[in-house]
Amino acid sequence: MDMIDPFGRTISYLRVSVTDRCDFRCTYCMAEDMAFLPKKDLLSLEELDRLCTVFIEKGVRRLRLTGGEPLVRKNIMHLVRQLSRHLASGALEELTLTTNGSQLSRFAAELADCGVRRINVSLDTLDADKFHKITRWGHLDKVMQGIDAAQAAGLKVKLNAVALKDFNDAELPEMMRWAHGRGMDLTVIETMPMGEIDADRTDQYLPLSLLRASLDRQFTLTDIPFKTGGPARYVEVAETGGRLGFITPMTHNFCESCNRVRLTCTGTLYMCLGQEDAADLRAPLRASEGNELVAEAIDEAIGRKPKGHDFIIDRRTSRPSVSRHMSVTGG
Ligand code: SAM
């Protein structure tokens, strides 16, 4: 029953983008006047649950809800509550989500009640003005309230920051001290060339090898084998006692250990974040009340999962490596 791709990798991790809409417009992620998918194209929450259940039956052990902003999808807690039955049965090891934190003060307690144990919150700066500038529509105080609520509800919070040249590079040591002081891991991510945005990515791109070298001069960093099921490589920071993760899709891709596939809110399955190839699962899902057709379509798709991706950001390459925005497939 296990899903094994042509390179022998077992697929046990599903990321589900439950909506492509977001209440922020982060400059490196989206254009300000984004065109979103028509609501009529979306899978219903029941259909998303059915698809996730098929994946769980086929060996998915970890499931992450993402977006867009997952917590702005109407009635999202209904889906979380439904999926939590797979935690209760033991079929699923972990149900989690990646969020911008804006709605967390409303939902943190209920997420914890549904069996969610840890969440990732995306946060690129601790400066309220800079935060508003980079997210265009976001307010730092709401996110801070959300993080407080999540920790109060007992959720383990990991912060994700996209490293952006001349924006937050100088601030990252302070963010790390702050995160570690509050018992949160911090992961830094290289910006990826996905979708047209209003800015020039060459101006934003900061190779994490440079950040690591700069942090090495200020802190004692020790590589550790710690893993959370994702692509981050971690170091322990002696001065803070916390963990710092590096996600380096540009300078060092991590495809050889890729265990994941990504489902969009319209039922499109992407076998690789950095490739255009995809499989439609909506048609086979709707074509039959049973799950045989969709299970077949999943097997066929896993059978053509590519070896990996090669993102390029440089001044000669003005087009993004993949045309869709990160908000379509989630982070
Ligand atoms: N709205 C949720 C959030 O903010 O976490 C989930 C979706 S968001 C697309 C997931 C993550 O992708 C965020 O941490 C965001 O900063 C990151 N991201 C978006 N566009 C990116 C890009 N082009 N390169 C690298 N990371 C990106």
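The values are calculated or read from the model by the stated rules, or taken from the named source; none is laboratory data. Predicted, not measured: the structure shown is a model, and the values here were computed from it. All Cβ positions, even for glycine, are placed from backbone atoms using ideal geometry, and neighbour counts span all protein chains on display. Each accessible area value is taken on the protein alone, full model and side chains, heavy atoms only, with ligands, DNA and RNA left out. Shrake-Rupley method; radii C 1.70, N 1.55, O 1.52, S 1.80 Å.
What are the residues in the stretch 8-36 that are farther than 20 Å from ALA301 by Cβ and hydrophobic (A, V, I, L, M, F, W, C), if any?
CYS22, PHE24, CYS26, CYS29, MET30, ALA31, MET34, ALA35, PHE36
Might you let me know whether the stretch 312-319 holds any residue that is of a type outside the set (Asp, Glu), surrounded by fewer than 13 Cβ atoms within 10 Å (Cβ to Cβ), more than 16 Å from the ligand (Cβ to nearest atom) and closer than 19 Å to PRO207 by Cα?
Scanning the stretch 312-319 turns up at least one residue that is of a type outside the set (Asp, Glu), surrounded by fewer than 13 Cβ atoms within 10 Å (Cβ to Cβ), more than 16 Å from the ligand (Cβ to nearest atom) and closer than 19 Å to PRO207 by Cα.
Return the total of residues in the stretch 112-138 being open to solvent by 20 Å² or more (accessible area, probe 1.4 Å) and either assigned to a strand (DSSP E or B) or modelled with pLDDT under 95 (or both).
2
Can you run down the residue pairs with Cβ atoms below 7 Å, 6 or more apart or on separate chains, where the first is in the stretch 124-145 and more than 21 Å from THR191 (Cβ to Cβ) and the partner is within 15 Å of the ligand (Cβ to nearest atom) and open to solvent by less than 10 Å² (accessible area, probe 1.4 Å)?
Listed by first residue and then by second, the contacts come to LYS142/SER102.
State whether the residues of the stretch 50-58 include one that is within 16 Å of the ligand (Cβ to nearest atom), among the hydroxyl-bearing types (Ser, Thr, Tyr) and touching a helix residue (DSSP H, G or I) at 6+ places or on another chain (Cβ under 8 Å).
no
So which of LEU186, LEU215, LEU244, LEU263 is at pLDDT 95 or above and within 22 Å of ILE313 (Cβ to Cβ)?
LEU215
Can you report the number of residues in the stretch 59-90 which are in contact with a Gly (Cβ under 6 Å, 6 or more places away or on another chain), open to solvent by 10 Å² or more (accessible area, probe 1.4 Å) and touching a residue at least 60 places away in the same chain (Cβ under 8 Å)?
Going through the stretch 59-90 one residue at a time, the tally reaches 1.
If we keep just the residues of the stretch 227-259 that are open to solvent by less than 50 Å² (accessible area, probe 1.4 Å) and more than 19 Å from the chain's Cα centre (by Cα), which is farthest from ALA179 (Cα to Cα)?
VAL235
Identify all residues within the stretch 152-178 that are of a type in the set (Gly, Ala, Ser) and in contact (Cβ under 8 Å) with a residue 12 or more places away in the chain; write none if there are none.
Across the stretch 152-178, the qualifying residues are ALA152, ALA153, GLY154, ALA161, ALA163.
Quick check: is even one residue across the stretch 27-36 surrounded by 19 or more Cβ atoms within 10 Å (Cβ to Cβ), modelled with pLDDT of 95 or more and either in contact with a Lys or Arg (Cβ under 8 Å, 6 or more places away or on another chain) or aliphatic (A, V, I, L, M) (or both)?
Looking through the stretch 27-36, none of the residues is surrounded by 19 or more Cβ atoms within 10 Å (Cβ to Cβ), modelled with pLDDT of 95 or more and either in contact with a Lys or Arg (Cβ under 8 Å, 6 or more places away or on another chain) or aliphatic (A, V, I, L, M) (or both).
Could you tell me how many of the residues in the stretch 171-197 are open to solvent by 10 Å² or more (accessible area, probe 1.4 Å) and under 30 Å from MET34 (Cα atoms)?
Going through the stretch 171-197 one residue at a time, the tally reaches 5.
Please find, among GLY274, GLY331, GLY290, GLY308, the residue that is open to solvent by 30 Å² or more (accessible area, probe 1.4 Å) and either assigned to a loop (DSSP other than H, G, I, E, B) or of a type in the set (Ser, Thr, Tyr) (or both).
GLY331
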